[in-house]
Amino acid sequence: MKSFIPTIVLGLALAGAGPVAAEIQSYDYQTQNPRTREDINAYTVKIEPLPDGRRKYSRTIVGDDEEVDKYEDFILDENFDTVEWTNKGGDGSTSYTGKKNGRTIILKGTLDGEPLDKTIELEDDRPFYFSPKFNLQKLILSGESKTEFWTLRKDKLTPYLMEAQRDGTKRMKIMGEEIEAVEVKYNPTGKFARYYRRTYFYRPSDGLFVYRKSPTGSVTRLVGP
């Protein structure tokens, strides 16, 4: 079993909600099988404040098999809307870039070994979230109770309109400390809601993602700075 030391480096703030922290903060994440406590994968994420108020997130996911290792980076604007991103699979069959300009998304590269050159026109001006667990930090920092956003189904790169809302708080132990984590649930709007649901937990003080239990039962949690 590999030994994982995932790190997330965070420097962020909502526009108008205060200045970006002077120091870069680091956090460790780990995904485990809760029954066996075996490591499944680990996240290495760096979040870099950019001069124009945007933030660049770089995430490497490392697992037991090289084929599940993957890298992605994405740039969020001051409203946590994704404007650029790169996605690379560990086996090399998927490697593409995406850019959003207004309602237009342009994708170029390869997807599952096939050439990718695709343009998507979103139906309206609702925000686009490439990796919702990070974009939804805005929901916590803004104090809003719910939001709607566009995202892409990762295997087919088709757009879906999603809705996310707060669902109270839950007392949980994170890094040995009891906190009242904010629960956020999200799913597609309309008839597809029954087929896909996700639940994330966030630290209310800074909106940091701290916990997730996947539909398969694996648990990802913040384990230390």
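The values are calculated or read from the model by the stated rules, or taken from the named source; none is laboratory data. The model shown is predicted, which means the values in this text are computed figures rather than measured ones. Counting neighbours? That spans all protein chains shown, and the Cβs are built from the backbone with ideal geometry, glycine included.
Structural remarks
Yes/no matrix, rows are residues, columns are (1) modelled with pLDDT under 95; (2) loosely packed, with under 13 Cβ neighbours inside 10 Å:
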residue	(1), (2)
Ser145	no, yes
Leu152	no, no
Pro159	no, no
Val184	no, no
Ser214	yes, yes
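- Scanning the stretch 166-225 for residues that are of a type in the set (Ser, Thr, Tyr) and either touching a helix residue (DSSP H, G or I) at 6+ places or on another chain (Cβ under 8 Å) or over 19 Å from Pro34 (Cα atoms) (or both) returns Thr169, Tyr186, Thr189, Tyr195, Tyr196, Tyr200, Tyr202, Ser205.
- Among the residues of the stretch 111-135, those that are assigned to a loop (DSSP other than H, G, I, E, B) and either loosely packed, with under 15 Cβ neighbours inside 10 Å or not hydrophobic (A, V, I, L, M, F, W, C) (or both) comprise Asp112, Gly113, Glu123, Asp124, Asp125, Arg126, Pro127, Tyr129, Ser131.
- Restricting Thr36, Thr60 to residues that are polar (S, T, N, Q) and outside any strand (DSSP E or B) narrows the list to Thr36.
- Hits in the stretch 133-143 - residues which are more than 10 Å from Phe80 (Cβ to Cβ) and in contact (Cβ under 8 Å) with a residue 12 or more places away in the chain: Lys133, Ile140
- Tyr200 falls short on exactly one of the conditions (1) among the hydroxyl-bearing types (Ser, Thr, Tyr); (2) loosely packed, with under 13 Cβ neighbours inside 10 Å; (3) modelled with pLDDT of 95 or more, and that condition is (2).
- Selection status of Leu50, more than 22 Å from Val223 (Cβ to Cβ), among the aliphatic types (A, V, I, L, M) and at pLDDT 55 or above: yes
- Among residues of the stretch 136-195, those that are among the hydroxyl-bearing types (Ser, Thr, Tyr), in a helix (DSSP H, G or I) and within 16 Å of Gly207 (Cβ to Cβ), counted: 1
Here's the yes/no breakdown for (1) at pLDDT 80 or above; (2) touching a strand residue (DSSP E or B) at 6+ places or on another chain (Cβ under 6 Å); (3) crowded, with 18+ Cβ neighbours inside 10 Å:
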{"position": "Val20", "(1), (2), (3)": "no, yes, no"}
{"position": "Tyr29", "(1), (2), (3)": "yes, yes, yes"}
{"position": "Ile40", "(1), (2), (3)": "yes, yes, yes"}
{"position": "Val45", "(1), (2), (3)": "no, yes, yes"}
{"position": "Tyr57", "(1), (2), (3)": "yes, yes, yes"}
{"position": "Glu66", "(1), (2), (3)": "no, no, no"}
{"position": "Asp69", "(1), (2), (3)": "no, yes, no"}
{"position": "Asn79", "(1), (2), (3)": "yes, no, no"}
{"position": "Val83", "(1), (2), (3)": "yes, yes, no"}
